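Since the structure comes first, as structure tokens, the remarks are kept for the end.
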Amino acid sequence: MQSISTNDPVFRITALWAFSECALGGIMHALKLPFTGFFVGGFAVLCIGLLAHVSNRNAAVILRSTLLVVLVKAIVSPHSTPTAYLAVSFQGVIGALILCYLRPPVLAAFLFGFLALVESSFQKILVLLLFFGKPLFEAIDIFFEDVLKNFGVQSNISWAAVVVYAYVGLYAVWGLVLGYWITKLPKQLEKKHLEYANLAFEENLPENAPTKKAKNKWIFPLLVLLFVVTTFLLTGGKTAGMQKAMYAVLRSVAVLLAWFFLVQPLVSWLFQRWVKKKAEHEKGSLTQIMDALPDLRMKARMLYQHVGKEYSGWKRLREFVIAMFVVAVYRES
């Protein structure tokens, strides 16, 4: 396919979206910013919303950008789990359908943000359910019941359900906030473009972002399994607690081993074969985007430092996002 011009805002927003999927998480870790996945997913939603704006709601443009982001992510971060690619693909597809065909645009933006973030939350919950099954949610109920009992409070509420509802609700509210932001973002960028589009950047700024190591994939599952086992052993009774703990360990270990050593390698192998075929058709655009990633990393670091001189806390993060989009939309390569 024909390459996208590097001076086309569509290309620069696509490159920024790919950068957020491949590298922004590492930078957020380096800057000690919380909820990395929460905000990287939200940043992707804003990228798709902005793509709809600059392309005059052209669904084909959003779908092609989604394909390019998935391909870049597969090439730059081949260790990513299949669920990560599923999340990106889902966001791009529903973004193309909702933002380009649903009217009025304000309703489309709210619905898109809501569905994109709720799907992300459900996906994480389903992964936990797959890995740890019913014992995880049973352990959560037992844990909260035991804590409340120490304060003399009796409760028949399913605290696991409360945790799930609160988690999904948090993502849903964030999705609505992002939908509102999508409607305001073009005017915000127009207002700020003179401040950030012509900002001087140092071309040789050193990079110190940490890289994710494959061994870290085991840390979170082990911590969850430790919580489940400890809860059953301490609060489930001597015999029943031991039985539940053994069942939880055997089931979770079996599923985790099957996932990490059988299912994920097989799916990744099939996916990489598909990536190689698709990459040949998009070779020019992929090369351009990957060449742009180091420059985007440098600009991200400098912009975060720049906005930090005037803003702090959440305002600093919001202004950083606006500045990155200003550079993507208004600053020619």
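The values are calculated or read from the model by the stated rules, or taken from the named source; none is laboratory data. The structure displayed is predicted, hence computed values, not measured ones. So basically every Cβ, Gly included, is an ideal-geometry build from the backbone, and we count neighbours across all protein chains shown. All accessible areas refer to the heavy atoms of the entire protein, side chains included, with ligands and DNA or RNA removed. Shrake-Rupley method; radii C 1.70, N 1.55, O 1.52, S 1.80 Å.
Laid out as a table, the results:
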item	result
Failed criterion for Val173 (all others in (1) in a helix (DSSP H, G or I); (2) loosely packed, with under 15 Cβ neighbours inside 10 Å; (3) at pLDDT below 95 hold)	(3)
From Ala139, Ala116, residue being out of contact with any Cys (no Cβ under 6 Å at 6 or more places or on another chain) and either of a type in the set (Val, Ile, Thr) or more than 30 Å from Thr231 (Cα to Cα) (or both)	Ala116
Qualifying residue in the stretch 148-170 (condition: part of a helix (DSSP H, G or I), surrounded by 12 or more Cβ atoms within 10 Å (Cβ to Cβ) and touching an Asp or Glu at 6+ places or on another chain (Cβ under 6 Å))	yes
Tally of residues being of a type outside the set (Lys, Arg) and at positive phi across the stretch 47-72	1
Filtered residues of the stretch 62-93 (kept if open to solvent by 40 Å² or more (accessible area, probe 1.4 Å) and not in a helix (DSSP H, G or I))	Pro78, His79, Thr81
Top-ranked residue in the stretch 298-333 [being at pLDDT 85 or above and not in a helix (DSSP H, G or I); ranked as least open to solvent (accessible area, probe 1.4 Å)]	Gly308
